[in-house]
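What follows is a single structure, written as structure tokens, with notes after it.
Any read-out appearing in this document is the output of simple, stated calculations on the displayed coordinates, not a laboratory observation. Note that this is a predicted model, so its numbers are computed, not measured. Note that we place each Cβ from the backbone using ideal geometry, even for glycine, and neighbour counts take in every protein chain shown.
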Amino acid sequence: MSIKIQNISKYYDEQLALNNVSFQVNSGEIVGFLGPNGAGKSTTMKIISCFIKPSEGDVFVDEISIHSDEIAVKSKIGYLPENNPLYEDLYVRESIGFIAQMHKIKDIKSAVENVIEKVGLSKEAHKKIGQLSKGYQQRVGIAQAIVHNPKVLIFDEATSALDNQTEKAVMDAINNLSKNITIILIAHRLNTVKNCDIVFKLEKGEIKAQGTFDEIINEKL
């Protein structure tokens, strides 16, 4: 499922957060968006996910405009924000099941068990979320983001607060997801995007470079 971003700009009052940004993400790609805080990464993803509207421009998810059918676009996207919103008093299955119910999934039990296995939560699934390590809590977030079988997954700084070992485990879980899913990783650390098919480098609301991970780190672009 492709994503086409056409000339999007975003103003917050008089502050320009995105300046005429265009790019395309192809179906099945793992794509990284790299840049410092305030570069416009999260704003771009919130526009794609229909959390906010652009001031100018359009986004097409599977050829559906965010302006024409917001509900259809949202149904195709799974989104895990930087501050993973979890209810720590809920059990793992209970929490994922609640999200599945919100998406009106018919066979909730089967859907929950499927994503628990897919993200490596089977040994922890009997626990309350508050009993889990940060790494496993992030896996719960990933499970909630994919329980409705979206075609696009957006992870916004999903590993920013994790140590290196835990980050690797979470990234392995992300990289092992179906190749039919388009995955977008938002990061400010190079290590997070090293396995991406393509990396976009954002600064001050503009795309300054794009290419492979090696091309970006070697500053060939």
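How charged is the neighbourhood of Q137? Take every other residue with its Cβ under 10 Å from the Cβ of Q137, and add Lys/Arg as +1 and Asp/Glu as -1.
0
Counting pairwise Cα distances across the chain, what percent come out greater than 27 angstrom? Tail fraction, whole percent: 32. Net charge of the neighbourhood of I71, taken over other residues with C-beta under 14 Å away and scored Lys/Arg +1, Asp/Glu -1, is 0. Projecting the Cα atoms of F200, N84, V112 onto the dipole axis of the chain, where Lys and Arg carry +1 and Asp and Glu carry -1 at the beta carbon, places V112 farthest toward the positive end. By DSSP, the beta bridges lying fully in the range 43-189 are antiparallel in about 25 percent of cases. Got a sec? Charge dipole of the chain, +1 on Cβ for Lys and Arg, -1 for Asp and Glu; which of G32, I99, A17 is way out at the positive end? Result: I99, furthest along the dipole toward the positive end. Relative to the 2.2 N^0.38 Å rule of thumb, the range 117-221 has a C-alpha radius of gyration ratio of 1.17. A Cβ-based charge dipole, computed about the Cα centre of the range 3-217 with Lys and Arg at +1 and Asp and Glu at -1, lands at about 460 debye. The mean of 1/r over all distinct Cα pairs in the range 73-157, once inverted, gives the Kirkwood hydrodynamic radius of 12.6 Å. When the GluC sites (Glu not before Pro) in the range 29-77 are filtered for DSSP coil states and for at most 15 other beta-carbon atoms within 10 Å of their beta-carbon, the remaining sites are E63.
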